[in-house]
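To start, the structure itself, in structure tokens.
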Amino acid sequence: MGSEEARPLPALPANAAEARARVVALLRSGFCEIDETTLDDIVLADVLLVTSELVANALRHGGGITGFVAEPAHGGLRIMVADASDQPPVTVTRHPGEHAVGGYGWLLVCRLAETVAVTVTSSGKRIEALLRLS
């Protein structure tokens, strides 16, 4: 055994608001140093919307959050949310003039993120979204 101490893993966010707060804290840290002049309001809103959708879907449809990571990656921000379901997100087909409640979140995630990947794991699935910050 090495002399390195194991660092405790951060607790998983309990809800979408807590996940958004973690993302904002990361962006305000040395990684990005956001303020009113450095990050476009629309870009920030997109990042927070994708975070909210992924976490809310894991809680509502995925049997709970089993993993959460927000980190700098490839000049942007990588959001990863894992859950206990091996079922991939569902894209709801809409017909012109149809105005159903719900079912828009996954479409928004796919539209706002530069890339999205869904990986089935032995304990459920992992969804990763890469978002540009410019």
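The values are calculated or read from the model by the stated rules, or taken from the named source; none is laboratory data. Keep in mind it's a predicted model, so treat the numbers as computed, not measured. Surface accessibility is based on the protein's heavy atoms, side chains included, excluding ligands, DNA and RNA. Shrake-Rupley method; radii C 1.70, N 1.55, O 1.52, S 1.80 Å.
General observations
- Solvent-accessible area of Glu71 with every protein chain in place, 1.4 Å probe, in Å² to the nearest 10: 70 Å²
- Accessible area in the full protein assembly, largest first, 1.4 Å probe, for Thr115, Thr93: Thr93, Thr115
- For the chain, built as a Gaussian network whose Cα springs stay under 10 Å, the top-fluctuating residue of Val23, Val47, Val92: Val92
- When nucleic acids and ligands are ignored and a 1.4 Å probe is applied, Leu49 ends up with an accessible area of around 60 Å².
- Carbon/sulfur fraction of accessible area - the chain, other protein chains in place, 1.4 Å, %: 55 percent
- Taking the convex hull of the alpha carbon positions in the chain and averaging its projected area over all directions gives 10.6 nm².
- Asp41 contributes about 120 Å² of solvent-accessible surface, heavy atoms of the protein only, 1.4 Å probe.
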